[in-house]
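Undergrad: First, the structure itself, so that you have it in front of you.
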Amino acid sequence: MALRRQIIPWRAAGTRAEMRRNADEVVRDTGWVFNNQTGSSLTLEEFVQTGDAEVEIYLDRFQWSEMAPQSSVLEIGSGIGRMTAALTRRFASVIATDVDAAFLERCRETVARFGTVSALRTVHIADGSSINAADDSVDAVFSYITLQHCKASDALRLTTEALRVVKPGGYIALNYRTWVPADIILVPAGGVMRWLWRIPVVGQRLSQWRWSTRLGWQANRLDPRRVLALLEASNISLKDPVILHHPGRPQRSVSLDGAVVRQRDLDVANKSHWWLVAQAH
Ligand SMILES: C[S@@+](CC[C@H](N)C(=O)[O-])C[C@H]1O[C@@H](n2cnc3c(N)ncnc32)[C@H](O)[C@@H]1O
């Protein structure tokens, strides 16, 4: 079996996803690791409804609704398919990718029940950063609450991978976590928690609790400067890039290829999140 290169709660949730008999049990046991709003008494159907609602909102805010029915989309970090089911109903085809093969199995099951399974293909990101898809092969790449949960180097590589697989003129919408004042406490506490997770037995236990996971699972912060500097260094240029952020919380001004990148409020954005939305050249 391929090695799971991810932080310990994902590995623990992946193992539980493998062990549980049915999808409702998986959601009750691990659903909160995908969407912290969800509790421990959910059905898969209720869990997927949270993803349905979010997909509608994001397609609207990114102005992707019109192109979706004729387009393919690749989702980086699908988890067990909370949003993938809706993506398969809205797009002509979907490639769901994740570092965890067990989540992809569950994702297929979720889509079979609540989406259009004939539109779905899954691709395992076995090494945590390489997407096994051809250059210029998809119309859009979407990633939500994933690039903050891996090593910064993996998140950066996945960013250039997104721009490798998307067709010229295709679209990307990638979600990152950046710095907030509370990080003065959260960053060291998160580091300590990730260290505690490595202690045999105790770490395994800790990694399954919500409070511990909340502290430790945000493994990186990437601000727009770092991501756009990487694109420039990789000679990747973008058409109409825009940074979407929490209302009234713009990111520091940043440029790409000598032009200042536009910034816009996104009503539904979390305070610590920002999105890079653009077309590929
Ligand atoms: C918070 S969940 C979000 C899942 C889904 N986007 C959603 O909103 O329900 C983060 C997902 O990222 C995946 N992940 C973590 N590191 C990854 C990596 N390096 N490459 C691909 N997926 C990764 C985890 O396995 C997990 O399924």
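The values are calculated or read from the model by the stated rules, or taken from the named source; none is laboratory data. Here the structure is a predicted model, which is why all the values come from computation and not from measurement. Positions of Cβ are generated from backbone atoms using ideal geometry, with glycine treated the same way; all protein chains shown enter the neighbour counts. When the accessible area is computed, the model is the full protein with side chains, heavy atoms only, and any ligands, DNA or RNA have been set aside. Shrake-Rupley method; radii C 1.70, N 1.55, O 1.52, S 1.80 Å.
Undergrad: Spin-label point model (7 Å from Cα, Cβ direction): what's the ARG264 to GLU25 distance in nm?
TA: 4.5 nm
Undergrad: Give me the net charge of PRO241's neighbourhood, meaning all other residues with Cβ under 10 Å from the Cβ of PRO241; Lys, Arg count +1, Asp, Glu -1.
TA: Around PRO241, the surrounding residues sum to 0.
Undergrad: Computed from the mean reciprocal separation of all distinct C-alpha pairs, what Kirkwood hydrodynamic radius does the chain have, in Å?
TA: The answer is 19.0 Å.
Undergrad: To continue, here is another question. Could you provide, to the nearest whole Å², the per residue accessible area of the chain with probe 1.4 Å?
TA: 44 Å²
Undergrad: Follow-up question, since we're still on this one. At a 1.4 Å probe, what is the % contribution of carbon and sulfur to the accessible area of segment 157-236?
TA: Carbon with sulfur: 63 percent of the solvent-accessible area.
Undergrad: Tell me which lysines have Cα within less than 21 Å of LYS239's Cα, excluding those fewer than 8 residues away on the same chain?
TA: LYS167
Undergrad: How are the C-alpha pair distances of segment 149-281 spread across 10 Å bins, as whole percents from the shortest bin up?
TA: Binned Cα distances yield the sequence 11, 37, 30, 16, 5, 0.
Undergrad: Along Cα→Cβ, 7 Å out, is where each label goes; now give me the distance between the ones at TRP209 and ARG225 in nm to one decimal.
TA: Each label point is offset 7 Å from its Cα along the Cβ direction, giving 3.8 nm.
Undergrad: Take the solvent-accessible surface of the protein heavy atoms, probe 1.4 Å, and return the percent of it on segment 45-156 that carbon and sulfur atoms account for.
TA: 47 percent
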